[in-house]
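Here's the structure, in structure tokens; my notes come after.
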Amino acid sequence: MPFAKFLVCLCIFGCPIAFSLSLAPAGSSAPQSPPRDRTVPPQKKRTVIAASTLLDGKGRVLRNTRIVIEGSKIVAIDPKVGPVDYDLRGLTVLPGWIDAHVHITWSFGKDGKNAGPAGTTQEAAYESAANAWVTLMAGFTTVQSVGSPTDIPLREAILKGTLPGPRILTAIEPLIGQGEKSGTPGEIRAFIRKQKEAGADLIKIFASQSIRLGGAMTLSQEQLNAACDEARKQGLRTLVHAYKDAVRAASIARCTEIEHGTMATDDDLKLLAEKGTYLDPQAGLVIENYLLNKEKFLGTPGYTEEGFAAMERVLSLNHALVQRALKIPGLKIVFGTDALAGSHGRNAEEFIDRVRDGGMDPMTAMVSANSLGAEAMGMTDQIGSIAPGLEADIIGLDGDPLKDITAVRRVAFVMKGGIVYKNTSTK
Ligand SMILES: [Zn+2]
């Protein structure tokens, strides 16, 4: 079946400071304990965190309490327990963020130009590891990469504890809509099963061409129905890159989540709410990153002067999309950045864009990357909240994002699965 062998970047929507983070651990920012090999039963070491302000990930604020962690999990929230191992009073403590849409292996190549997933060279592998590190240091403890076959060794290394990084879910190879050439419904079903066999955690589908090219539908309703139905049968979720008419079509096909969604009508958005289809719009970071790094993208596959000319127009459409989506009762808006070369580690800028330009309430923005993000992944029993029984993915911000959303840039503490990877708090 003639699926494209190369993933041309179809993502429409992304900075210059991402790689200024030093990889060298310094002082208290060094990991507090060595990465754990998950083949060894985790020690039931008990850790207690004190917090003066705790966002529980579901929209509640708790004051002056303590979180008790044993091994990789939270076991209690109890203000009376002690002794305290990490005194995070003065920070805002919340669950590690979840980014529903990244391209964790995409980097700039040796020539400084966008290399996309860049294959399997040593340079590309180190870039991928660096992307994972800066993403974790930025407070993102789970990301969904959508996707590349090179995600797999990175996912596995992080899972084993041999590399530090966020928990990675990957789509491996996406289904790229190209009209009839995408295949018959039967062939599309076979492609979905192939991804499952290769170890995919979810399926990514491109149902629209790039918005830089107009955003027309590239899969028929019948093809989309086949893709999302087969994925559901295989127990996999479907993320659909969709603009305009493809948004409605993907919701009708009972796909799980719409990526981007630019130029969806209010009626389309109401349909998503009615059918429970998640929406992952991008308010700013991805386009801002493209504009900031224009020379590094221009001339690489999919990036033309005309495309760049369209971006500023699309940016205002995307602000409008978030504003409109927030007015649709019951519409579930999750957090995803489309992080790619240049924006890894700056994922949290998207929170600022959503709040400042999209009109989103800061608590809604936090929940979209916590419990709602976990719900969209079917992982509420593991991540997205600070509650007994869940993984101890806990971050601390220097500032209160509910009062000043730019506090999301100041991540002072990162724990993932009970291991502290960053602690620059002063206490
Ligand atoms: Zn993307």
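The values are calculated or read from the model by the stated rules, or taken from the named source; none is laboratory data. Every value quoted in this text rests on a predicted model; they were computed, and no experiment measured them. Note that we place each Cβ from the backbone using ideal geometry, even for glycine, and neighbour counts take in every protein chain shown. For accessibility, only protein heavy atoms count, side chains too; no ligands or nucleic acids. Shrake-Rupley method; radii C 1.70, N 1.55, O 1.52, S 1.80 Å.
Some values worked out for this structure:
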{"item": "Checklist (1) at pLDDT 95 or above; (2) assigned to a helix (DSSP H, G or I) applied to Pro83, failing item", "result": "(2)"}
{"item": "Residue under evaluation Arg313, criteria (1) farther than 20 Å from Glu127 by Cβ; (2) more than 16 Å from the ligand (Cβ to nearest atom); (3) modelled with pLDDT of 95 or more, criterion not met", "result": "(3)"}
{"item": "When residues of the stretch 204-240 are limited to those that are modelled with pLDDT of 95 or more and touching a Phe, Trp or Tyr at 6+ places or on another chain (Cβ under 7 Å), the one surrounded by the fewest Cβ atoms within 10 Å (Cβ to Cβ)", "result": "Thr218"}
{"item": "Residue tally, condition basic (Lys, Arg) and either crowded, with 24+ Cβ neighbours inside 10 Å or assigned to a loop (DSSP other than H, G, I, E, B) (or both), over the stretch 254-300", "result": "1"}
{"item": "Residue tally, condition surrounded by fewer than 24 Cβ atoms within 10 Å (Cβ to Cβ), within 17 Å of Thr135 (Cβ to Cβ) and out of contact with any strand residue (DSSP E or B) (no Cβ under 8 Å at 6 or more places or on another chain), over the stretch 163-186", "result": "1"}
{"item": "All positions within the stretch 121-135 that are within 10 Å of Thr105 (Cβ to Cβ) and open to solvent by 30 Å² or more (accessible area, probe 1.4 Å)", "result": "Ala125, Glu127"}
{"item": "Residue pairs meeting the criteria (Cβ under 8 Å; at least 6 apart or on separate chains; first within 15 Å of the ligand (Cβ to nearest atom), in the stretch 269-286; second of a type in the set (Phe, Trp, Tyr) and open to solvent by less than 20 Å² (accessible area, probe 1.4 Å))", "result": "Asp280/Phe335; Gln282/Phe13; Leu285/Phe13; Val286/Phe13"}
{"item": "Odd one out for Thr406, checked against (1) assigned to a loop (DSSP other than H, G, I, E, B); (2) at pLDDT 95 or above; (3) open to solvent by 20 Å² or more (accessible area, probe 1.4 Å)", "result": "(1)"}
{"item": "Residue in the stretch 337-344 that is open to solvent by 10 Å² or more (accessible area, probe 1.4 Å) and either more than 16 Å from the ligand (Cβ to nearest atom) or among the hydroxyl-bearing types (Ser, Thr, Tyr) (or both) present", "result": "no"}
{"item": "Residue selected from the stretch 70-80 under the condition open to solvent by 10 Å² or more (accessible area, probe 1.4 Å) and not in a loop (DSSP other than H, G, I, E, B), by the criterion nearest to the ligand (Cβ to nearest atom)", "result": "Lys73"}
{"item": "Qualifying residue in the stretch 346-358 (condition: part of a loop (DSSP other than H, G, I, E, B), within 16 Å of the ligand (Cβ to nearest atom) and open to solvent by less than 40 Å² (accessible area, probe 1.4 Å))", "result": "yes"}
{"item": "Residue under evaluation Ile383, criteria (1) within 16 Å of the ligand (Cβ to nearest atom); (2) open to solvent by less than 10 Å² (accessible area, probe 1.4 Å); (3) in contact with a Lys or Arg (Cβ under 9 Å, 6 or more places away or on another chain), criterion not met", "result": "(1)"}
{"item": "Options Glu156, Glu187: the member that is closer than 25 Å to Ile394 by Cβ and charged (D, E, K, R)", "result": "Glu156"}
{"item": "Residues being surrounded by fewer than 24 Cβ atoms within 10 Å (Cβ to Cβ) and assigned to a strand (DSSP E or B) - total across the stretch 87-105", "result": "2"}
{"item": "Matching residues, the stretch 137-151, being within 15 Å of the ligand (Cβ to nearest atom) and small (Gly, Ala, Ser)", "result": "Ser145, Gly147, Ser148"}
{"item": "Pairs where the first residue, in the stretch 243-256, is closer than 14 Å to Lys204 by Cβ and the second is among the charged types (D, E, K, R) and open to solvent by less than 30 Å² (accessible area, probe 1.4 Å), C-beta under 9 Å, 6+ apart", "result": "Ala250/Glu257"}
{"item": "Selection within the stretch 105-126 - away from the ligand (no atom under 16 Å from the Cβ) and at positive phi", "result": "Gly112, Gly119"}
{"item": "The listed residue being under 23 Å from Lys294 (Cβ atoms), at pLDDT 95 or above and away from the ligand (no atom under 16 Å from the Cβ), out of Val134, Val102, Val93", "result": "Val134"}
{"item": "Residue check for Arg248: more than 21 Å from Ala190 (Cα to Cα), touching a helix residue (DSSP H, G or I) at 6+ places or on another chain (Cβ under 8 Å) and open to solvent by 10 Å² or more (accessible area, probe 1.4 Å)", "result": "yes"}
{"item": "Restricting the stretch 409-427 to residues that are in a loop (DSSP other than H, G, I, E, B) and open to solvent by 10 Å² or more (accessible area, probe 1.4 Å), the residue that is farthest from Ile49 (Cα to Cα)", "result": "Arg410"}
{"item": "Residue count for the stretch 56-69, restricted to those that are of a type in the set (Lys, Arg) and in a loop (DSSP other than H, G, I, E, B)", "result": "2"}
{"item": "Residue match in the stretch 322-345 (condition: farther than 29 Å from Asn423 by Cβ, outside any loop (DSSP other than H, G, I, E, B), modelled with pLDDT of 95 or more and not aliphatic (A, V, I, L, M))", "result": "yes"}
{"item": "Qualifying residue in the stretch 105-125 (condition: in contact with an Asp or Glu (Cβ under 8 Å, 6 or more places away or on another chain) and within 30 Å of Gly57 (Cβ to Cβ))", "result": "yes"}
